[in-house]
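**Q** Input: one structure, supplied below.
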Amino acid sequence: MSDSHIQVTASLDPCGLDEHPDCGIRDVLTRVGDKWSVLVIVELASGVRRFRELQRGIDGISQRMLTLTVRRLERDGLVTRTVFPTVPAQVTYELTALGNSLTHLVKQLADWSLDHRETIARARADYDAHHPDHEIR
């Protein structure tokens, strides 16, 4: 095991235990790790987007879910919402500096997913073949 691995794992305290009731990791990962937040961050990494542009760029997201997602990201300081005084009002969204700091991590996750999707698909098929009665999907 490498020294850097030992340093990283040694510095992480478990969350949810009595002595660590709320370490903050779970709360942050819940927000930035959910499917829609990641896709919004990916879309906004290319630049400022209007609401409909975001919706068209994220396949399968409903208007309500997109609204909730960008509001949550705005609340967390990851996205800025700008309203222009036009009729009808024009609204744009963009990543803040904090949101931009996530893009390299999201890209690494996406790259890792692409690199390993076939291996994971094979592992799933093997598991399913050995556990035909399971309900895990």
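The values are calculated or read from the model by the stated rules, or taken from the named source; none is laboratory data. Predicted model only: the values in this text are computed from it and were never measured. Positions of Cβ are backbone-derived with ideal geometry, glycine not excepted, and every protein chain shown enters the neighbour counts.
**Q** Residues of region 73-100 being part of a strand (DSSP E or B) and either of a type outside the set (S, T, N, Q) or free of Cβ contacts under 8 Å to residues at least 40 places away in the same chain (or both), which ones?
**A** Pass one, region 73-100, residues part of a strand (DSSP E or B): 79-84, 90-95.
The answer is Val79, Thr80, Arg81, Thr82, Val83, Phe84, Val91, Tyr93, Glu94, Leu95.
**Q** Just the residues that are free of Cβ contacts under 8 Å to residues at least 40 places away in the same chain and either polar (S, T, N, Q) or in a strand (DSSP E or B) (or both), please, taken from region 38-61.
**A** Ser46, Gln55
**Q** Can you confirm whether region 124-132 contains a residue that is under 20 Å from the mean Cα position of the chain (by Cα) and basic (Lys, Arg)? Please lay out each step first, then the result.
**A** Taking region 124-132 and keeping what is under 20 Å from the mean Cα position of the chain (by Cα), we get none.
No, the conditions are met nowhere in region 124-132.
**Q** Of all residues being in contact with a helix residue (DSSP H, G or I) (Cβ under 9 Å, 6 or more places away or on another chain) and small (Gly, Ala, Ser) in region 46-59, which is surrounded by the most Cβ atoms within 10 Å (Cβ to Cβ)? Just the residue, please.
**A** This residue is Gly57.
**Q** Oh, and also: Just give me the residues in region 107-122 being small (Gly, Ala, Ser) and modelled with pLDDT of 95 or more, in sequence order.
**A** At the first step, the residues of region 107-122 found to be small (Gly, Ala, Ser) are 110, 113, 121.
If the condition is that a residue be small (Gly, Ala, Ser) and modelled with pLDDT of 95 or more, then Ala121 is the only one that fits.
**Q** Something else: Looking at (1) more than 20 Å from Leu29 (Cβ to Cβ); (2) without any contact (Cβ under 8 Å) to a residue 40 or more places away in the chain, can you tell me which one Val70 breaks?
**A** Failed condition: (1).
**Q** Given the criteria in contact with a Pro (Cβ under 7 Å, 6 or more places away or on another chain), loosely packed, with under 14 Cβ neighbours inside 10 Å and modelled with pLDDT under 95, does His104 qualify? First the steps, then the outcome.
**A** Numbers: in contact with a Pro (Cβ under 7 Å, 6 or more places away or on another chain): no; loosely packed, with under 14 Cβ neighbours inside 10 Å: yes; modelled with pLDDT under 95: yes.
Here the answer is no, as His104 does not meet what is asked.
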